[in-house]
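I'd like to ask some things about the structure below.
The values are calculated or read from the model by the stated rules, or taken from the named source; none is laboratory data. What you are looking at is a predicted structure, and each value in this text was computed from that prediction instead of being measured. When we count neighbours, we look across all protein chains shown, and the Cβ atoms used for this are built from the backbone with ideal geometry, even at glycine. What goes into the accessible areas is simple: the full protein's heavy atoms, side chains included, and nothing from ligands, DNA or RNA. Shrake-Rupley method; radii C 1.70, N 1.55, O 1.52, S 1.80 Å.
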Amino acid sequence: MTSSTTRPLAMVTGASSGIGRELARQFAEHGFDLVVNAEDDRLDAAAADLHTAGADVRAVRADLRTADGVERLWSAVIATGRPLVAAALNAGVGKGGAFVDTDPPDDLAIIDLNVTSTVRLAKHVLRDMIARDEGRVLITSSIASTMPGSFQAVYNASKSFLQSFAEALQEELRDSAVTVTSLMPGPTETDFFRRADMEDTKVGASAKDDAAQVARHGFEALMKGERRVVAGSLGTRAQEAVGKAVPDAVKAKMHRRMAEPGSARQ
């Protein structure tokens, strides 16, 4: 990465595919240089693609489930010698199935990546931004944060944590020039459902929102300093609106119909 000072610098986690890759593309196409992170070998191809969009890109392969991985990524940001203007804390993973059937390491991986890595990175990012009184942070929550996740119990709970976390930070930072935006997508066309072993579920087999559209909505909300954005299709926004009027016990039953293994065949 060069020492250019003419383009602002952004960081995106989970940038090798899906929403994260599309968020990184949004930053690149709007004049940002990038530090991008993922743990898989698709990151290099994503970085090369972003470079063609005009961005100077530093790719950092690191497992954010570990404290060492988080520190490696943050050290790469510091090594640029440039102020971090925006950060998309997007990396996340899920796992479908009944809680009693899933393996504890899979459950803990969700917590380590979705929750713990976000907290660790946010501590670094926000301390840096507050010291400069400048910056924008996007936290990828989910429409799932609004409902009990039957057959996705740990995943939905992790997104509920992130939603609450983002809203608390918004209040703490209200007198500063630093903003926090919660991105709340619905089911989106990514690798998520394959990796979560949910392709045989009704939600896994259904039509999904476009990742590029979700990322564009998230980026636009971030740049405006909005507190939250329910991103994607009208159907996703309608789902969020209905959820506000439905008791949690009913939402848990509704989620079961979408996420129970084998529900795609019912």
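So Leu23 fits all but one of (1) over 18 Å from the mean Cα position of the chain (by Cα); (2) within 21 Å of Leu222 (Cβ to Cβ); (3) part of a helix (DSSP H, G or I); what number is the exception?
Among (1) over 18 Å from the mean Cα position of the chain (by Cα); (2) within 21 Å of Leu222 (Cβ to Cβ); (3) part of a helix (DSSP H, G or I), Leu23 violates only (1).
I would also like to ask the following. I'm checking my understanding of the structure. Among residues of segment 223-250 that are of a type in the set (Lys, Arg) and under 18 Å from Leu162 (Cβ atoms), which one is surrounded by the fewest Cβ atoms within 10 Å (Cβ to Cβ)?
Ranking the candidates gives Arg227 first.
Does Asp63 satisfy the criteria of being open to solvent by 30 Å² or more (accessible area, probe 1.4 Å), assigned to a loop (DSSP other than H, G, I, E, B) and in contact (Cβ under 8 Å) with a residue 24 or more places away in the chain?
yes
Now for a different question. Picking from Val70, Val85, Val100, which residue would you name as being over 18 Å from Lys159 (Cβ atoms), modelled with pLDDT of 95 or more and buried (at least 23 other Cβ atoms within 10 Å of the Cβ)?
Result: Val70 is the single residue among Val70, Val85, Val100 that is over 18 Å from Lys159 (Cβ atoms), modelled with pLDDT of 95 or more and buried (at least 23 other Cβ atoms within 10 Å of the Cβ).
Go through the residues of segment 11-32 one by one and say whether even a single one is surrounded by fewer than 23 Cβ atoms within 10 Å (Cβ to Cβ), farther than 23 Å from Asp191 by Cα and among the hydroxyl-bearing types (Ser, Thr, Tyr).
No, segment 11-32 has no match at all.
Could you pull out every one of the helices (runs of 4 or more DSSP H) wholly within segment 126-207 that has 1 or more residues that are surrounded by 20 or more Cβ atoms within 10 Å (Cβ to Cβ) and of a type in the set (A, V, I, L, M)?
Once the helices (runs of 4 or more DSSP H) in segment 126-207 are filtered for at least 1 residues that are surrounded by 20 or more Cβ atoms within 10 Å (Cβ to Cβ) and of a type in the set (A, V, I, L, M), what remains is 153-172, 202-205.
Return yes or no: is Gln213 open to solvent by 50 Å² or more (accessible area, probe 1.4 Å), at pLDDT below 95 and either under 21 Å from Gly94 (Cα atoms) or of a type in the set (S, T, N, Q) (or both)?
Working: open to solvent by 50 Å² or more (accessible area, probe 1.4 Å): yes; at pLDDT below 95: no; either under 21 Å from Gly94 (Cα atoms) or of a type in the set (S, T, N, Q) (or both): yes.
For Gln213, the condition - open to solvent by 50 Å² or more (accessible area, probe 1.4 Å), at pLDDT below 95 and either under 21 Å from Gly94 (Cα atoms) or of a type in the set (S, T, N, Q) (or both) - is not met.
Same structure, new question: Is it fair to say Gly235 is at pLDDT 95 or above and small (Gly, Ala, Ser)?
In short, no.
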